[in-house]
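Here the structure is laid out as structure tokens; the discussion comes afterwards.
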Amino acid sequence: MFAALLVSSLQVIPLGVHETDVVVIGGGAAGLFCAIEAGKRGRKVVVLEHAERIGKKIAISGGGRCNFTNLNTSPDNFISDNPHFCKSALARYTPADFVSLVEKHAIPYHEKKLGQLFCDGSSRSIIEMLLTEASEAGVEIRCGSLVRSVKQSEPPADRGPRPGSPAGVGVAGGHARRAFEVKTDTGTFVSQSLVVATGGLSIPPLGATDFGYRLARQFGLTIREPWPALVPFTLSRETLRELAPLSGVSLDASVSCQGTLFRENILITHRGLSGPAILQTSSYWRPGLSVTISLLPDYDALRLVREQENKELTLANFLSQFLPRRFAQAWCALNFPSQPLKRYTPGEVTGIAQGLNNWEVVPPGTEGYKKAEVTAGGIATDELSSQTMAVKSVPGLYFIGEVVDVTGQLGGYNFQWAWASGYAAGQDV
Ligand SMILES: Cc1cc2nc3c(=O)[nH]c(=O)nc-3n(C[C@H](O)[C@H](O)[C@H](O)COP(=O)(O)OP(=O)(O)OC[C@H]3O[C@@H](n4cnc5c(N)ncnc54)[C@H](O)[C@@H]3O)c2cc1C
């Protein structure tokens, strides 16, 4: 009856219509976690992943060791048009819950800094843990399944409820949901619930697509325009002339944009600025805005310079006591040509101090989605229930993970959001 598609010499997948309770589009952190939770509740779940394997971002995350959560997770670590939206899901599935799961699977881990938990070994162990959990929960994972289209059908015929079905699903005379028909190259999947976990636009070679946003638009949902976040800044040609030769040099600094300040390292690259403090700040930056860098975050630069102002010591040599020498020289070349400190006028001393504590840089841009660790913006949270991630206007439709307008700071928060939002939807589908 079913046509058959030869996928490889060993595997024949029937083309046809497959009925299931839940279809999850996207086999990343959020999609897999939701599928596991739904499977544990007895729901029949199919995960459709268009790449040849699941969890590609998990594999490369945290430099290959997956910073899988952060012990200090709080709603303040997330950027969203509605900062309250993430609270409910984060409260119901906490870092401690995920740590218990990691411990259940005997995966060794450690706290690197600031509550960031990393695997001692490879990120692969987190993927294997998710695959084991999915298999135990009876989840079917179909890789190589490119979703072509989604539409809603008429409510299914009177078939009576499945055990554990949400009230009314498939019940004649009840408040029946319209089923979803998800067309892929390998067949059509019909389900009562559809979970969109297709992630953001970052790093296209790892499988990122705009499918989630397109689907949201198809259902008339509002999207907060996405932007690349946790991404290095580029610098102007003139600034790079001095700084690019220092590529690889890093320094402790505090960096702020739009009132949010991060104290960590910044790293000079051959294209601009990176390092944790810069990546964090990039999520708050929008084109045209400046970024303020304090190169002497522990000092009052004015006092420091004034203490030396009658000396023969040059500005570059003076700054080399606090900053990498080559950086001190480059910074002077860009801002205040170095000369003996005693030759600067009082006004220039004030300007130098101001520049050291509040160096204003206007980045021409970022390195974009090619290098961004996450995508900020996404499905407007107004459209979703914060308890379940269900779309308020379309019963049975859910958005979870990075595709939603909730973006974590650097440090394991994005995975915690993926687990927590996946868990919330997994209890409801
Ligand atoms: C280099 C890098 C390092 C990172 N390190 C960390 C870290 O250490 N800690 C941390 O918390 N966060 C980290 N992140 C961020 C984190 O990986 C993401 O926020 C998280 O993976 C989002 O999970 P998700 O399931 O929403 O999306 P994703 O993990 O992106 O999963 C989406 C899935 O959907 C699939 N898909 C897309 N479109 C379709 C379609 N049309 N049909 C079928 N499938 C589709 C994709 O192939 C993908 O598998 C890192 C990100 C990057 C890029």
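No lab work stands behind these numbers, since they all come straight from the coordinates. Since the model is a prediction, treat every value here as computed from it, not as a measurement. Virtual Cβ from ideal backbone geometry, glycine too; neighbours counted across all protein chains shown.
With a simple spin-label model that places each label point 7 Å from the Cα along the Cα-to-Cβ direction, the separation between Ala333 and His110 comes to 3.9 nm.
Measuring nothing but alpha carbons in segment 182-245 and taking Rh as the Kirkwood radius, the Rg to Rh ratio lands at 1.21. Distance from the C-alpha centroid of segment 357-406 to that of segment 272-346: 34 Å, rounded to the whole angstrom.
Kindly rank 340-353, 239-252, 409-422 from highest to lowest mean number of other beta carbons found within 10 Å of each residue. Write out the running numbers ahead of the final one.
Working: 340-353: 14.9, 239-252: 16.4, 409-422: 27.8.
Highest to lowest by the protection proxy: 409-422, 239-252, 340-353.
Give the angle, between 0 and 90 degrees and rounded to the nearest 10, that separates the Cα long axis of helix 95-104 from the longest principal axis of the Cα atoms of the chain. Around 70 degrees separate the two axes. Pairs with C-alpha atoms separated by more than 22 Å, drawn from the list Lys57/Lys371; Lys57/Lys151; Lys87/Lys112; Lys44/Lys183; Lys183/Lys392, are Lys57/Lys151; Lys87/Lys112; Lys183/Lys392.
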